[in-house]
Amino acid sequence: MAEPTKQNWTTVDDYLAETLVGHDAALEAALAAQREAGLPAIEVSPLAGKLLSLLVRISGARRVLEIGTLGGYSTIWMARALPADGLVVTIEAEPRNAEIARASIATAGLAERVEVRLGRGEHVLPALEGAEPFDLVFIDADKESNTLYLDWAARLGRPGTVVVVDNVGRDGDVADPASDAHGVQGTRAGLALLGEDPRFDATALQTVGVKGWDGVAIAVLV
Ligand code: DHB
Ligand code: MG
């Protein structure tokens, strides 16, 4: 049996991605553009991007809200999975990231299916109130604000809306109530909300792979 090392998780992730996901010019160009621009390499893995696209399809989502665009990699995955009249609204706080994401989304031929809103979630989210509800919400931004983002997901969704939260494993630190590791307290607060707030029905799965040891929470609005 192989040892459970990051190197071996990566080998297995690469094998699964090669077998199930394959290669895609637009997605690889988006990654190259964000690497070139020096953005942190913290986008979702190819297998996780495929999971997001499958969740969009399984849920029949037409309107997707993403909080945390980075360079648009996950955005492209989800936008691709939408029907022709579908829309991703994606929120990004860093102007440089938003600029790179907009360019990659346009190169992927998805400019009409994606709106990149520049600003911090707390400022941009209230402006989305009153529009049609979102069918799927992907939260992948500053972890300190996860409870705020989850509250907005509940307000901007409808019963049946799928809510996905990235990075809920945090190298195992998430189980340590005293941890001061980056993002852990915000992640824990978000998970506590998912467990206690009657608007959500949620679970979470740990993941290992190219991004190390982490996890993803998946919830539905009640
Ligand atoms: C970090 C953020 C992410 O969204 C991620 O997927 C991995 C790491 C971070 O801030 O360290
Ligand atoms: Mg993430």
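List of remarks:
- Column: log10 I(q)/I(0), Debye, Cα scatterers of the chain, q = 0.12, 0.18 Å⁻¹: -0.61, -1.45
- Hz values of 3J(HN,Hα) by residue in region 149-156 - Karplus curve (6.51, -1.76, 1.60), Gly and Pro given as x: 5, 5, 4, 5, 4, 5, 6, 9
- Kirkwood-based Rg to Rh ratio, region 52-159, C-alpha trace: 0.93
- Most to least packed among 5-13, 38-46 [average Cβ atoms within 10 Å]: 38-46, 5-13
- Percentage relative contact order, the chain, counting C-alpha pairs under 8 Å, at least six apart: 18
- Unit charges at the beta carbon, dipole of the chain: most positive-side option, Ala106, Ala131, Val174: Ala131
- Counted residue by residue at 0.36 nm each, then reduced by the alpha carbon distance between them, the extension gain from Leu16 to Asp142 reaches 42.5 nm.
- Surface share of carbon and sulfur [accessible, 1.4 angstrom probe, percent] for region 14-107: 58
- Estimated from the Cβ-Cβ distance and a Förster radius of 22 angstrom, the FRET efficiency linking Ala37 and Ala106 is about 0.90.
- For the chain, accessible area per residue (1.4 Å probe, heavy atoms of protein chains only), Å²: 48
- Formal net charge of residues neighbouring Leu82 (Cβ-Cβ distance under 10 Å; K, R +1; D, E -1): +3
- Note on region 122-222: with neighbouring protein chains present and a 1.4 Å probe, carbon and sulfur make up 54 percent of its accessible heavy-atom surface.
The values are calculated or read from the model by the stated rules, or taken from the named source; none is laboratory data. What you see is a predicted model, and the numbers here were worked out from it, not measured in a lab. Ideal geometry is used to build each Cβ from the backbone, glycine not excepted, and the neighbour counts take in all protein chains shown. Ligands, DNA and RNA are stripped out before the accessible areas are found, and what is left, the full protein with its side chains, is counted by its heavy atoms. Shrake-Rupley method; radii C 1.70, N 1.55, O 1.52, S 1.80 Å.
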